[in-house]
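Novice: Before anything else, here's the structure in question.
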Amino acid sequence: MAHWFHRNPLKATAPVSFNFYGVAGSPAANKICNDLRTTRARLLEMFTDVTCNPEIMKNATDAYFSLLQGFIASLDGTTQENKMRFIQNFKWTDTLQGNTPSAQQDAVFELVSMAFNVALWYTKFASRLAGKENITEAEAKDVHRSLKVAAGIFKTLKEIHIPRLITPAEKGRDLEPRVIDAYIIQCQAEAQEVTIARAIELKHNATLIAALAFETANFYQKADHTLNTLEPECSSKWRKYLQLKQHFYMAYAFCYHGQTLLASDKCGEAIRSLQEAEKCYSRAEALCKEYRQTKGPGTTAKPSEQLFFLKLGGLIKNTLEKCQRENGFIYFHKVPAEAPQLELKASYGLAEPVAFELPAVSDQCSAEVYASFDLTKGAKNDKAKPKDEEVKPVKEPDLKPQKDTGCIVS
């Protein structure tokens, strides 16, 4: 299922040297600075390395964050702010704002920006894995878990770490509530897509599939509404994707709800449910075209070309024809004018974010080493001549689609 998920670009950042000449007053302090530079560079490399997997990513993330926390956590046994937190300036772009960076002289800003990119990497890893030909059950589970891990990272940043920033995020930037909420909800919705595909593959109860599809459609609608007050030029394309997925899964919900009604000998209501499924599916097809034609950040997904999308159209048509035949021969039920109100609740299969925890502060960052950093001997010239490092966009790997087998969990 290559090109099934829309992905916004990775955040880009300016290089950081961590050269605190004079401030780092011991070999151990200098080593922390050197290790911060190398572990940061290594983590940034992993974002575009197609051989990187979740284990490698976690190791690279922990290596950097365990050191970075030495500039954030209290290391001297007091409740005072870490004296190193505001010594270094960091620049990051935002996923919806092109190459115009935000800058803050705050290690917490670096932490949340880098962790945001880690979450984005998990969504891109899931998308890449879902695009493989003949994906295995174990790989499908990796897709599912990666999306829940990403949701957990976004959620933890929003609830715990972003509120610690001295300078709040500007409107439309990644760290503001509307944008990060949309990412959380999208990750949960996409994780549930994996569950739905598996439930269909294993021919689970139609009631369960309808309920999961309905909940997933509601997630996409909620994500879309979260973005409706953002500037259209940066959010329209993303919103079209969320809208097409909402209508696609509403079509699934009405289709499988129709099957449930038919099994309960409510043929007229089943026909009306299938007719509504047809309407939702047609709207999803139209939104696919609008999405492709809308300009904006991110890669363009091609859901309407996927077998998973196309199969639903055939299923709705065949099920509706069956219901109409049965009604003409057996039931003779009147078809209601109003579509059924779906009040479906899924008891199983709902995707909850995986809790994200930062690693422990590195053993290198002891109270003794912390004391050897002396801010009174800082590099005074750095403030007199601020370096305006260029923030180059991240060159992401161009992944060719593989043959589509129509299922992400076969």
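The values are calculated or read from the model by the stated rules, or taken from the named source; none is laboratory data. Everything numeric here is computed off the predicted structure, so don't read it as measured data. When we count neighbours, we look across all protein chains shown, and the Cβ atoms used for this are built from the backbone with ideal geometry, even at glycine. Just the protein is used for accessible areas: all its heavy atoms, side chains included, with ligands, DNA and RNA removed. Shrake-Rupley method; radii C 1.70, N 1.55, O 1.52, S 1.80 Å.
Novice: For residue 225, only one of the following conditions fails: (1) at pLDDT 95 or above; (2) over 26 Å from residue 119 (Cα atoms); (3) out of contact with any helix residue (DSSP H, G or I) (no Cβ under 6 Å at 6 or more places or on another chain). What is its number?
Specialist: (2)
Novice: Across the stretch 1-32, what is the total count of residues that are touching a Leu at 6+ places or on another chain (Cβ under 9 Å) and not in a loop (DSSP other than H, G, I, E, B)?
Specialist: 3
Novice: Restricting the search to the stretch 177-209, which residues are in contact with a Cys (Cβ under 8 Å, 6 or more places away or on another chain) and open to solvent by less than 10 Å² (accessible area, probe 1.4 Å)?
Specialist: Answer for the stretch 177-209, where residues must be in contact with a Cys (Cβ under 8 Å, 6 or more places away or on another chain) and open to solvent by less than 10 Å² (accessible area, probe 1.4 Å): just 197.
Novice: Right, next: Residue 317: part of a helix (DSSP H, G or I) and surrounded by fewer than 21 Cβ atoms within 10 Å (Cβ to Cβ), yes or no?
Specialist: yes
Novice: Quick one: residue 141 ticks every box in (1) more than 27 Å from residue 375 (Cα to Cα); (2) touching a residue at least 12 places away in the same chain (Cβ under 8 Å) bar one, so which box is it?
Specialist: (2)
Novice: Considering the stretch 74-122 alone, what residues qualify as being open to solvent by 10 Å² or more (accessible area, probe 1.4 Å), closer than 30 Å to residue 232 by Cβ and β-branched (Val, Ile, Thr)?
Specialist: 100
Novice: Can I ask one more? With respect to residue 150, determine if the residue is modelled with pLDDT of 95 or more, in the same structural domain as residue 86 (by the TED database) and small (Gly, Ala, Ser).
Specialist: Yes; evaluated as a whole, the condition is true for this residue.
Novice: Scan the stretch 33-52 residue by residue and report those that are closer than 28 Å to residue 237 by Cα, in a loop (DSSP other than H, G, I, E, B) and open to solvent by 40 Å² or more (accessible area, probe 1.4 Å).
Specialist: Residues satisfying the conditions are 48, 49, 50.
Novice: Right, here's the next one. Residue by residue through the stretch 34-60, note down the ones that are touching a residue at least 60 places away in the same chain (Cβ under 8 Å) and either over 18 Å from residue 19 (Cβ atoms) or not assigned by the TED database to the domain that holds residue 107 (or both).
Specialist: 43, 46, 47, 48, 50, 52, 53, 54, 57
Novice: Hey, can you tell me all the residues within the stretch 142-176 that are among the basic types (Lys, Arg) and either open to solvent by less than 20 Å² (accessible area, probe 1.4 Å) or under 16 Å from the mean Cα position of the chain (by Cα) (or both)?
Specialist: Of everything in the stretch 142-176, those that are among the basic types (Lys, Arg) and either open to solvent by less than 20 Å² (accessible area, probe 1.4 Å) or under 16 Å from the mean Cα position of the chain (by Cα) (or both) turn out to be 145, 148, 155, 158, 173.
Novice: Looking for something of a type outside the set (Asp, Glu), under 25 Å from residue 9 (Cα atoms) and not in a helix (DSSP H, G or I) - is there at least one such residue anywhere in the stretch 229-242?
Specialist: Yes, that holds for at least one residue.
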